[in-house]
Structure formats: structure tokens, C-alpha cells
Amino acid sequence: MASEYEILTPDTVPAYIDSNPNLAGIVDTSTLEVAEVGDGNLNLVFVCRDAAGNGICLKQSLPYVRLVGEAWPLTPERVIAEARGLAAASAATPHLIPAYYGVDAEQHVLAMENLMGWEIWRGKLNDGFIHRGIAGLLGVYVANLAYSTSVFALDQMEVKERVVEAVNPELCRITEQLVFTEPYIEHDNNSFLDELAPEVEALRSDEELRAEVGMMKFKFMTAAEALIHADLHTGSVMVSFKDDGSGDGRVIDPEFAYYGPVGFDLGAVFGNFLAARARAVVLDRPAEFQDWLACVAQETWDAFEAEMRRLWSDRPDATWTQAFLDSWLAQIQKDSIGFGGCKANRRIIGLAKVSDIETLEPADRVKAAAIVLRTASTWIKDRDRLATVAASNGVFDAVVADVMRDGVREVE
Ligand code: SR1
Ligand code: MG
């Protein structure tokens, strides 16, 4: 049981900063403006800015799931997992995360750079903005985090110690239940429009799909390949535009971090791109936007593969040959397609949905949801045959053609 601690408010944040010597000098607390902006499912997030324009962002874990309330207690120690994820990424890809200022384990508070003017990528995708280059940055992030924390780069004793230290059972249980189990059964956490019921029923009665989801869950629970972010959706990415008009990105929120399968992080990205693409189709977004979105998953994969191959040349252990890397990458690509499907299905049926779909008018929402469910389920079942991100994009195109021509399954 966690000890009692003070839950911060915008009014108490300046005094909190003053009481923490590690945060001295970052902002002038006498002129600080503080706003609580947490729109995620779990935590409080305070963005702070002083009169001179200096900023800091504090994130505090609540002792429960914010989305549900105190009825769902959750360890505030998750802030330590997030600190671990930030520290690992600080070492491997400091340019792809906010500057990290440290963690207060007693008050369960993380301090980091306030990315002033940056926005959550999901919202910008929803509004039809094109940020070129960010998809590739995510591939670079996943590759560096994976390589630098795995047996490819580290001594095996070191890795085993890190695996133990990074065990994150309560957060993993959320994923195990919400991603891999609940969408496929009747559960109080689930919800969807009545018109989608036949699509959900088709998915739940598909025994082959259920078995393959079980395989993905087993891999999530047992494959300690590297430290992974483990919740890398488009709401965990902050974006801005560079002066040349291309996009810039920072990965946030690694509180689900643990030693897991590398394909899970890539799959989370692909599953969320799938939701964004389904939204763009039903809203009939301009061709330039849809054409760009059609390429982002490939861009992430290509950047991941290129970065893994670059890092590989420094590997200290000759056990890991070039041919091994080729096989491993092929397996990771298949895993990422399967995990992508699991991550997409849960956002349609289960708890913690995504605004890409939820903010659509009901008729469009049903169509977009059906596109996601059918595409995702094929990804899961056929991931070995599909084998490539390019082939998984082909599934999306075929499903869109079906749904736009024939509509969704109807209630009999
Ligand atoms: C009960 S927490 C629901 C979801 O929020 C997080 O962002 C994770 O995606 C989790 O599954
Ligand atoms: Mg999160």
C-alpha cells in the first residue's frame, strides 16, 4: 500500500518547486502561471511558465486511474517506471524526449521540460495537419531504446538486473486485460455503438483470431527483449513544426515501460496510425493528407530498421551476426503487425478509446470503427503471411473498399 502523499494543485505547485532543491533556478516561482492540463487516462500534468518565459512541466501520479476514479486504485509508484523510461531515452535519444529534470519518489512527481507551443500529435492528426518526418523519428526512438537496453549492447548480467528492476506488473496487467482480453469477451469496461455490434460479434466468434490474440498476449507477457515504452500511441508524442515546415517530435509518457517485445512499441504506433487513417477516409480528407498518412507506418519501419542496422555495427558480442539481425528484424516486423492489430481493436471496443474515432458523427464512427476492426483482425491473424508493413497497408486499402461499397454488417 502506498503511503499518503500530497496531491498537487495549481495553487500548491510554486511552493512544491521551491521546496525541491533539484528544481531550483529553472523557473521564477514568484511569477509562475500554472495550469493542470492532463488529458490522459491516469495522471495530473501541470504546465508552468514564469514571467520571463521559462517553463517546467510536472507530472504527478494519482493513486488511482484518473479515467475511472478512486474505484480503480493504481500504484503511484508507476512514476518510477516512467523515470526509468525517460532516463534510458535520455541516454539513448536525448533529442527525442523532453529534457528530463528528475523524479521525486515520495511525492510521485516527475519534472521535465515544458514543451511550450508543442501539441499532442493525435489532436493534430485529427485536425488534418501534416507533420513530415515525425513517423521516422519514432522508428529511431524505438530502435535506440531497444538496442541500448538489450543484450545486443549490454552484458547479460546487466540486462538481467535491469529486467528485474523494471518489472511493472500493475501497468502490464492493464495492458494484458484492456488490450488482449476484454475486447474479445463481454466485459463492463467495453462499450460501442449498437450499430457496431455485428462487427464485434464476428470478431469475438472468430476462434482463429482469438487464438492469435492469445499468442500476442503470451509474447507481451514473456518476451523480455528490451526496455520498451509500452504505450507509444499518437497521444504519447508531442509535435511542432521546424522552421523549414517539417515536423519535429518528442516522445512522452513511458510509465508503462518494462522489458517486453520490441514489436509492441512499433505495433502501438501502427495501430494508432490505423485509427487516424480510418478517420481520414470517412471524413474524406484531402488526398495530400491521406497520401501522407498512407506512408507513415512504412516511414516508421524504415527508420527503425535503418537505425537498428546502424547501431548493429557497434555491437560488442560476435554472437549476434548480420544474418541474425536479418532474421530478428523479420520477426519484429511480423510482431509489430500483430501487436498493431491488438492495439487498434482495443481502442474501438474496450476502455480508453481514441478521439480519432470517438469525435466522429455516429454514422462515420461506425464505418471508421468497422474499417479498424476488420483491418486489425486481419493483421493479427495473417501477420506471418503479410510479413511487411507494405502488405499490411494493402489490407487497409482492401477493407476500406469493402466498407465504403457494402457498408458494415447489419443486425439480423
Ligand atoms: C486504465 S488506463 C487506460 C489506458 O491509458 C493508457 O494510456 C494506456 O493506453 C492504458 O491502456
Ligand atoms: Mg500515457
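The values are calculated or read from the model by the stated rules, or taken from the named source; none is laboratory data. It should be emphasised that the depicted structure is a prediction, and the values quoted were computed from it without experimental measurement. Positions of Cβ are generated from backbone atoms using ideal geometry, with glycine treated the same way; all protein chains shown enter the neighbour counts. Just so you know, the surface numbers come from the protein's heavy atoms only, side chains and all, with ligands and any DNA or RNA stripped out. Shrake-Rupley method; radii C 1.70, N 1.55, O 1.52, S 1.80 Å.
When nucleic acids and ligands are ignored and a 1.4 Å probe is applied, ARG204 ends up with an accessible area of around 30 Å².
Please work out the Cα center distance from region 262-287 to region 87-104, rounded to the nearest Å. Between the Cα centres of region 262-287 and region 87-104 lies a distance of 27 Å. Computed in the context of the full set of protein chains, the accessible area of the chain at 1.4 Å probe radius has 52% of its extent on carbon or sulfur. For the chain, the mean projected area of the C-alpha convex hull, equal to one quarter of the hull surface, is 20.8 nm². List the residue ranges in the chain for DSSP H helices whose C-alpha atoms run 30 angstrom or more along the long axis and whose Kyte-Doolittle average is 0.0 or above. Answer set is 262-282. Heavy-atom accessible surface of TRP320, to the nearest 10 Å², is about 50 Å², with a 1.4 Å probe and all protein chains retained. Taking all protein chains into account, the per residue accessible area for the chain stands at 42 Å² (1.4 Å probe).
For region 182-293, the gyration tensor built on C-alpha atoms gives an oblate shape. Its axis ratio a/c (a ≥ b ≥ c) is at least 1.5, and a/b is not larger than b/c. The calculated 222 nm mean residue ellipticity attributable to helices in the chain amounts to -16500 deg cm²/dmol, summing -39500 (n - 2.57) over DSSP H runs of n ≥ 4 and dividing by all residues.
Fully extending the segment from ALA71 to ASN189 would add 41.2 nm, taking 0.36 nm per residue of separation and subtracting the current Cα-Cα distance. Considering all C-alpha pairs of region 21-147, those separated by over 18 Å amount to 62%. If R₀ is 35 angstrom, what is the calculated FRET efficiency for the pair ARG210 and THR321, using the beta carbon separation as r and rounding to 0.05? Result of the calculation: an efficiency of 0.40. Only protein heavy atoms count here; on that basis, with a 1.4 Å probe, GLU225 has an accessible area of about 50 Å².
For the pair ASP155 and ASP284 in one chain, pulling the backbone fully straight at 0.36 nm per residue adds 41.3 nm over the alpha carbon distance. In order along region 5-14, the phi-based Karplus estimate (6.51 cos²θ - 1.76 cosθ + 1.60, θ = phi - 60°) of 3J(HN,Hα) comes to 8, 7, 7, 6, 10, x, 6, 8, 4, x Hz; Gly and Pro are listed as x.
Amide H contacts of GLU225 (H built 1.01 Å from N, in plane; Pro and chain starts excluded): GLY260, VAL262 sit under 5 Å, all sequence-distant by 5 or more or on other chains. Shown are THR31, THR175, whose ranking by accessible area with a 1.4 Å probe and every protein chain present, most to least, is THR31, THR175.
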